[in-house]
Amino acid sequence: MMNRKIYRILIALYITLITFPYIFAWCQVGEGREFAGFLANYMDGQSYIAKMMLGWQGEWKFIPLYSAETGDGAFLFTFYIFLGHVSRILSIRPIYAFHAARVLSAIFLIFTIRLLVRQIFRDQPRSELLAFILVTFGSGLGWAVNGILPLTSDFWVAEAYPFLSSFQNPHFPLGLGIMVRLLINEFSASRRVGEWFVNGLWGFLLAVILPFGVIVLASVYGVIFALDFIRNKKFSFRPIHTGIILGVFVVLYQYVATLLDPVLSGWNAQNITKSPGILDLLISFSPMLPIAIYGIWRCWKKSKPFSHEHSIFIIWLLVSLVLVIIPFPLQRRFLLGFHIPCVILGVIGLRELLTEKKFNIATPVLILIMIPTNLLLLSGAIYAGFTQEPALYISINERLAMDWINRNTPEGSVIFSSPEMGVFIPAYTGRKVVYGHLFETIDAESKKEWIIHTLQSKPLILDKGHPFWKDVDYIFWGAREEAYGGAPPDDANIVFSHNGNHIFNDEPAVNF
């Protein structure tokens, strides 16, 4: 009974920690500003809302809103587009639906982790509790070198850590929860017909929500499949293979659809996520990564047999370590959920290396050294909300201008704005921008450089012969644009004007 109370308290604490900073930031209103909804990785965050806006507008295919180029689109990011449809049906702002989905996804993840550690550490309540705390609340040792070395991965590679995933967006914790759910099904597989169907459904959902989750599981189970064949000289199919195979087919569709669409192909070419360096990797997943590797080596040296469950985590850890060093544009994505096998195997390794007394001493020490990174993240988020950083807040006047765009411009319209404002316009209006995101804008660097140069001219020159101008329908001019030192165009008509925020186009002016 006591253990149940402890887990309930921990789960409640987890949900509180990932929600309180956002509530605090939303409460910091005043001086004509409002919270834009994100405290970490705000550019990607706004891009998720932009994808939801596609659903709000009735679309099901993904079309990049951070580029003026137009293509046929494809069934990508369906999870966020679906949330956009839900937002429209329920008549709630997409940002609120986003955070509701984030919290619900985090709850799903933490309960699946609870089931996982209970499955792995049967009859070992201390190990079970330690593993649960470290998987859900723990991180790396980046805090110890903060300010000495560049920011380590445990501060920003959200997909690797359950806590950081839950703090940033809904698709990471939901995808990780599905991965864990598939593993739990694998450990207790009954091979009944229903198991094959359920795993197939989970695999399909994983591919839609977090495609790289399928690739990670396929890589792990590809190795397991090969080892089984080498040992037994036959193939052994299990229910989880249904989910992986179905998921792989969905991921293949997404990949081919991206290649066949010229716009999506150009968009995808910039989607590069390189792995951290070896030192960064070691710091970000210490102390559990070295403990896990040492524990595996000790067991192997002693010829101690590994259970099927332990073998899966060992292969997950080793396969991920190999894949993140292979030259590949998306190699960092192989760190997806990597903190989970590190902790599971680290706790198993500690049990192998320490006596019961020393293990009990090590438990609070590990907890104390593995939570400061997340505490620094939370304190930084609260401070950002307190100071109302411009990248995280918009002015009420900017909001009014974007509301006008949303109500009075056709879908598909292209807006010229500063790079800073271009982050927000697609998320608030569902309209396209010339530039707004380093990865989601095609030819991003060239467009950003051109926009900055253009904003510095007095007045802004409408060079309609320039290739970047040809698709522009409206010009947004406000404080962020003014900051570049230029002046608004004098040969375009104002169609909206309010407290220093103006929108121009070539149509007759509208009086306000």
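The values are calculated or read from the model by the stated rules, or taken from the named source; none is laboratory data. None of the values given here were measured: they were computed from a predicted structure. All Cβ positions, even for glycine, are placed from backbone atoms using ideal geometry, and neighbour counts span all protein chains on display. Side chains are part of the model used for accessible areas, which takes the heavy atoms of the whole protein and leaves out ligands, DNA and RNA. Shrake-Rupley method; radii C 1.70, N 1.55, O 1.52, S 1.80 Å.
Some notes on this structure:
- Cα-projected label distance for PHE328 with LEU400, points at 7 Å along beta-carbon direction, nm: 5.1
- Straightening the chain between GLN388 and ASP491 buys 33.5 nm, computed as 0.36 nm per residue apart minus the Cα-Cα spacing.
- The Cα center of the range 114-143 and the Cα center of the range 144-199 differ in position by 14 Å.
- DSSP-assigned coil residues among trypsin sites (Lys or Arg not before Pro) in the range 244-317, each with at most 11 further Cβ atoms within 10 Å: LYS302
- Extreme residue, positive dipole direction of the chain, given options CYS299, LEU76, LEU206 (C-beta unit charges): CYS299
- For the chain, the solvent-accessible area works out to 44 Å² per residue, with a probe of 1.4 Å and every protein chain left in place.
- Sequence-distant contacts, meaning Cα pairs under 8 Å at least 6 residues apart, place the relative contact order of the chain at 20 percent.
- Highest average first, the peptides 454-460, 85-91 ordered by how many other beta carbon atoms sit within 10 Å of their residues are 454-460, 85-91.
- FRET efficiency, 1/(1 + (r/R0)^6) with R0 41 Å, evaluated for THR16 and ARG298 via beta carbons: 0.60
- When the alpha carbon coordinates of the range 1-141 are projected onto the principal axes, the ranges are 58, 42, 34 Å, largest first.
- Distance from the Cα centroid of the range 406-423 to that of the range 200-236 is 42 Å (rounded to whole angstrom).
- Inter-probe distance in nm under a simple model that places probes 7 Å from Cα toward Cβ, at PHE237 and GLU352: 3.4
- An ellipsoid equivalent to the range 411-512, defined through the eigenvalues of its Cα gyration tensor, has semi-axes of 19, 15, 14 Å when rounded to whole angstrom and sorted largest first.
- Placing one equal scatterer on every Cα of the range 283-440 and applying the Debye formula, the log10 ratio I(q)/I(0) at q = 0.08, 0.11, 0.18 Å⁻¹ is -0.47, -0.71, -1.08.
- Rounded FRET efficiency, nearest 0.05, which uses the C-beta distance separating ILE9 from ILE272 and R0 of 45 Å: 0.60
- Loop-located chymotrypsin sites (Phe, Trp or Tyr not before Pro) in the range 1-61, at most 14 other Cβ atoms within 10 Å (DSSP): TRP60
- Proportion of all alpha-carbon pairs of the range 224-343 beyond 25 Å (%): 41
- Cβ-placed point charges (K, R +1; D, E -1), dipole of the range 229-299 about Cα centre in debye, nearest 20: 580
- Per-residue [θ]222 nm for the chain (sum of -39500 (n - 2.57) over DSSP H runs n ≥ 4, rounded to 500): -19500 deg cm²/dmol
- For the chain, leaving out every one of the GluC sites (Glu not before Pro) that falls in a DSSP loop and has at most 15 other Cβ atoms within 10 Å, the longest unbroken run is 32-410.
- Debye, to nearest 20: dipole size of the range 135-277, +1 on Lys, Arg Cβ, -1 on Asp, Glu Cβ: 540
- For the range 94-252, the residue among LEU149, TYR96, ILE113 whose Cα projects farthest onto the positive side of the dipole built from Cβ charges is ILE113.
- Assuming charge only on the beta carbon of Lys and Arg (+1) and of Asp and Glu (-1), the dipole of the chain about its Cα centre is about 2980 debye to the nearest 20.
- Both radii are taken from the alpha-carbon atoms of the range 351-414; with Rh as the Kirkwood radius, Rg/Rh is 1.46.
- For PHE229 and LYS61, a Förster radius of 25 Å and the Cβ-Cβ distance give a FRET efficiency of 0.05, rounded to the nearest 0.05.
- Protection proxy ranking, peptides 493-503, 104-114, 250-260, average beta carbon neighbours within 10 Å, highest first: 104-114, 493-503, 250-260
- Surface composition of the chain: carbon and sulfur atoms hold 66% of the protein heavy-atom accessible area at a 1.4 Å probe.
- Karplus-derived HN-Hα couplings along the range 372-378 (A = 6.51, B = -1.76, C = 1.60, θ = phi - 60°), whole Hz, x at Gly and Pro: x, 4, 5, 5, 5, 4, 5
- Translational diffusion coefficient of the range 90-221 (Stokes-Einstein, Kirkwood radius from Cα pairs, 20 °C, 1.002 mPa s): 132 µm²/s.
- Percentage relative contact order, the range 139-193, counting C-alpha pairs under 8 Å, at least six apart: 19
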